[in-house]
Amino acid sequence: MASLTKIAGGTVYDPANRIDGDVSDVWFSGGKIVEPSADAKADRTIDASGLVVMPGGVDMHCHIAGPKVNVGRKLRADDRRRPGEALERSRLQNGGATRSGTFGSVPSTFVTAYKYAGLGYTAAFDAAVPPLGARQAHQELADTPTIDRGFYTLVGNNHYLMEQIAAGEPEQVEAYLAWLLTATKSYAPKLVNPGGVETWKQGGAGHSTGLDDVVPHFNVTPRSIIQGITAAANSLGLPHPVHIHCNQLGMPGNWQTTLATMESIDGLTGHLSHIQFHSYGGGEGEESSLDSRVTQLADYVNAHANLSVDVGQIMFGQTTSMTGDGPLGYYLRNIYGDRWYSADTEVEAGCGVMPIEYKNKNLMHALQWAIGLEWYLLVVDPWRVVMSTDHPNGGSFLAYPEVVRLLMDRTYRRDVLASCPAGVREKTVLADLDREYTLGEIAIITRAGPARLLGLKQKGHLGPGADADITLYTPSDNYAEMFQLPRMVFKAGVLLVENGEIRTATMGQTLHVDVEYDEDRLASLPDWFNQRYSIEFENFAIDAAEVAG
Amino acid sequence: MLTIRSRLTDRIPVSFAGLTTTALASKAAPEIQRKLVWQGNRQLPMAELFEVAGDPSDLKWRLEGDFSAVHHVAAELSDGQVHVAGDVGRYAGQTMRGGTLTVEGDAGDWLGAEMLGGRVVVAGDTGNHAGAALPASKVGMRGGQIVVRGSVGDYAAEAMRRGWVTVLGDCGEWAGYRMRAGTLMVFGACGSRPGASMRRGTLALLGAVAELLPTFRYACDYEPQALALMLRALSAQGVDTGQVGTRVALYNGDLLEGGRGELLVTRGE
């Protein structure tokens, strides 16, 4: 019989079970949280008195695997020249060893895993893998141990889907979507600049790709792609129906496109990612006119329970931009002039990777920073706003503790705001926002909320049957310090990290969906596929044996 | 003076990263002998690989024996003198800010890469990327001086931003590739594609020259005063410049990058 462990006397924050700072015990056995019997005796008791107890963190939007991440690693050789930017292999007390790796804005796979665990996170999802890159992504995720992980597959510029949407074949869209998610062993469909990437691939710069611009040769619009795929994903009953990176990311005036995207979903469940980058007022192509339109967009989100967002907070410093939004990469390259990687992934997607530095003295960057914080503070229901830096696009996930401090400490937030250009206070309402997050709300936006939005019933809470993914923090008035170095982190009941030291490095599985669909509907797909792809249809699907865990 | 004598018996690379004259100035020889250095994938005390003797407090080092597999010698040097009585490996003088590195033999690739200040003199030849940008960097050498009395490989002064590189022997291909500013002088023969993608800066080819790229446009023949002054400065440093003429043809390029770079080709007078 599995041993019974009690985490005794901690101050528990478990919002999914309406526990908000109660001093109580958490019991687990066999990797799951359990409800102990009245006379239960623990085989092991961990004294958590004075400590804060939360479920393990869940990052629902980051970039940690797949072709673009690997390109980022190659492109950022300058990130890891010095000896301190490398992690050496080390022996673990409990047996086994950690693997060597590198830090920088795009850490190596093993370092990514260890650092997530070190922050108290036990699950993370890469948000953009082209279907053709799924095999590589799975191989990299297999080398990202310790945490549970998964990825979303890119579908917003997929030729087959656009053809079926144009032909008015919603059942065909549904069947293909189900097949694609199952074949790639991915977790959710992801729309990136729907239709816009294909338009850019065909015609280059100078195309607006607003929601009603027609995608050349396909006779579809971004609006019809969003509506067609969102409807299919909802109909399939996917745990996380659709994850949308809106059109015109980063462009002044893009807030109207974002609002139109929210409206186009028309009551269906949808998640808008890195919303900070999509909330800009101002004239088209005029960076200097950029201002915040979070108030209008957050009002809409507050009034529509079908919508959720993750923020994509930018943090000041060096990082790497990586995106399936090829035209965005080109746009950034023209602004910053640094080295740039662009790729055309056959009939599926695009890609852009380049270094970027966010500076607090730069008005545009400081505005982006403030706009991100406005989102956290203006969405009333914390269950529908999720902490993310869009790692590494806005900044590293290692900045999450700093984001927590900015949200929980109004004085600190205002001190940082005061160091930014004065224009930030004129173009945003951040200075007027008094809201401070509570620990319970932090627990929602970092674990309970994203787990619920992902349909992960076993994660993000400490109720019986949940995975025993538990993080213990030492309280501090400096919330960044508190969240930077958890006292203990458990994954499925196994101690992963203690006081910053890795104890176990072999846990973790890759999460994905297997969706049933009508195979007869896709009878002609192999021929279509073989005429267009560089690989044979029969070699495309990921076998179960290729998925770690 | 601190003397470090090589006891290496194989070619497994050793890294001197972090070992600078200033970092070790206050340490006694036995303490330096205990310092760990990487050899391949393992760390070993200096004493297992080198004999260390003398006093480092005057910031003067002498390296004796075979250092051709020892990398990062004088990397990040900020003050003092490092003299190598033989060959030295890759990344010698990388990102150094001040002081002097002198090498009696040959140097490996990336000599003085991304150097910021100080002076490097190599009596023999060097590998590729002398004074160049390291992989993924926007700019290479940003200050200081490199003098190579032998020949250099390809990509000398790649993406150079400031500073002065002089090659008394021959130079490989892609000399001054992506140069932003600064000066590269080649006394011997220069390989193909000199100055490709250069934006600004001066590339003085004072020996035999391969065919120039078509994106360089002839401007005029003249005798730049700066060239005469620089040759005089080299002469004062002990370099024989007697046979080098100062009459050159000026070409502007690379026209694909704005054409503000200067390529000076000797007229042999």
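Numbers below:
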| quantity | calculated |
| --- | --- |
| Helix axis angle, B:225-236 relative to chain B longest principal axis, alpha carbon, degrees | 30 |
| In the stretch B:110-177, the GluC sites (Glu not before Pro) that fall in loop regions by DSSP, at most 13 other Cβ within 10 Å | none |
| Counting DSSP beta bridges with both ends in the stretch A:209-350, the antiparallel % (nearest 5) | 50 |
| For residue A:124, residues with placed amide H under 5 Å, excluding near neighbours | A:59, A:148, A:149, A:150 |
| Options B:14, B:52, B:3, ranked by Cα towards positive dipole end of the stretch B:1-66, top entry (Cβ charges) | B:14 |
| Considering only the stretch B:72-266, percent of DSSP beta bridges that pair antiparallel, nearest 5 | 25 |
| Order of A:323, A:102 - criterion: other Cβ atoms within 10 Å of each residue's Cβ, fewest first | A:102, A:323 |
| Partners for residue A:459 among lysines (Cα-Cα distance below 21 Å; same-chain residues under 8 apart left out) | A:6, A:32, A:115, A:185, A:491 |
| Rounded to the nearest 20 debye, dipole of the protein assembly as shown from Cβ charges on Lys, Arg, Asp, Glu | 2440 |
| Chain B: C-alpha gyration tensor shape, a/c 1.5 cut-off, then a/b vs b/c | prolate |
| In sequence order, calculated HN-Hα J values of the stretch A:263-274 (Karplus, 6.51, -1.76, 1.60; Hz; x Gly/Pro) | 5, 5, 5, 6, x, 7, 6, x, 10, 9, 8, 5 |
| Residue-wise HN-Hα coupling along the stretch A:34-50, computed from phi with Karplus coefficients 6.51, -1.76, 1.60 (Hz; x: Gly, Pro) | 10, 9, x, 6, 4, 9, 5, 10, 6, 6, 9, 10, 10, 6, 10, 4, x |
| Charge dipole (debye, nearest 20) of the stretch B:72-266; +1 at Cβ of Lys and Arg, -1 at Cβ of Asp and Glu | 740 |
| FRET efficiency, residue A:169 to residue A:415 (Cβ-Cβ, R0 45 Å, nearest 0.05) | 0.20 |
| Shape call, the stretch A:1-130: gyration tensor on alpha carbons, a/c limit 1.5 | prolate |
| Relative exposure of A:371, A:335, A:19, judged by other C-beta atoms within 10 Å (fewest first) | A:335, A:19, A:371 |
| Within-12-Å neighbourhood charge of residue A:338 [Cβ basis; K, R +1; D, E -1] | +2 |
| Segment residue A:477-residue A:295, length gained on full extension (0.36 nm per residue, minus Cα span) | 62.5 nm |
| Lys, Arg +1 and Asp, Glu -1 on Cβ, resulting dipole of the stretch A:421-549 about Cα centre, debye, nearest 20 | 580 |
| The protein assembly as shown: antiparallel DSSP beta bridges as a percent of all, rounded to 5 | 45 |
| Other-chain or far-sequence residues with amide H under 5 Å of residue A:320's (modelled H) | A:356 |
| nm² value of the averaged projected area, convex hull over the Cα atoms of chain A | 24.3 |
| Gyration tensor over alpha-carbon atoms, the stretch B:1-66, equivalent ellipsoid semi-axes in Å | 19, 12, 10 |
| Neighbour count of at most 16 Cβ within 10 Å plus DSSP loop: longest trypsin sites (Lys or Arg not before Pro)-free window in chain A | A:90-338 |
| FRET efficiency, residue B:43 to residue A:266 (Cβ-Cβ, R0 56 Å, nearest 0.05) | 0.35 |
| Distance-filtered residues of the stretch B:63-98 - backbone nitrogen under 14 Å, label point 7 angstrom along residue B:5 Cα→Cβ | B:63-66, B:85 |
| Extended-chain gain in nm, criterion 0.36 nm per residue less alpha-carbon gap, residue A:357 and residue A:304 | 15.6 nm |
| Theoretical ellipticity at 222 nm over the protein assembly as shown - DSSP helices of four or more residues, -39500 (n - 2.57) apiece, nearest 500 | -6500 deg cm²/dmol |
| In Hz, Karplus ³J(HN,Hα) per residue of the stretch A:335-342 (6.51, -1.76, 1.60; θ = phi - 60°; x = Gly, Pro) | 6, 9, x, 8, 4, 8, 10, 10 |
| Order of A:462, A:454 under a 10 Å beta carbon neighbour criterion, fewest first | A:454, A:462 |
| Sites residue A:43 and residue A:74, calculated FRET efficiency, Cβ-Cβ separation with R0 41 Å, nearest 0.05 | 0.30 |
| Amide H contacts of residue A:195 (H built 1.01 Å from N, under 5 Å, at least 5 apart or other chain) | A:157 |
| Label point distance in nm, residue A:546-residue B:219, each placed 7 Å from Cα along Cα→Cβ | 5.7 |
| Under DSSP loop assignment and at most 12 Cβ neighbours within 10 Å, longest GluC sites (Glu not before Pro)-free interval of chain A | A:287-515 |
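Bear in mind these aren't lab numbers, they're just calculated from the coordinates by the rules spelled out. Everything numeric in this text was worked out from a predicted model, so none of it was measured. With ideal geometry, Cβ positions are generated from the backbone for all residues, glycine too; neighbour counts draw on all protein chains shown.
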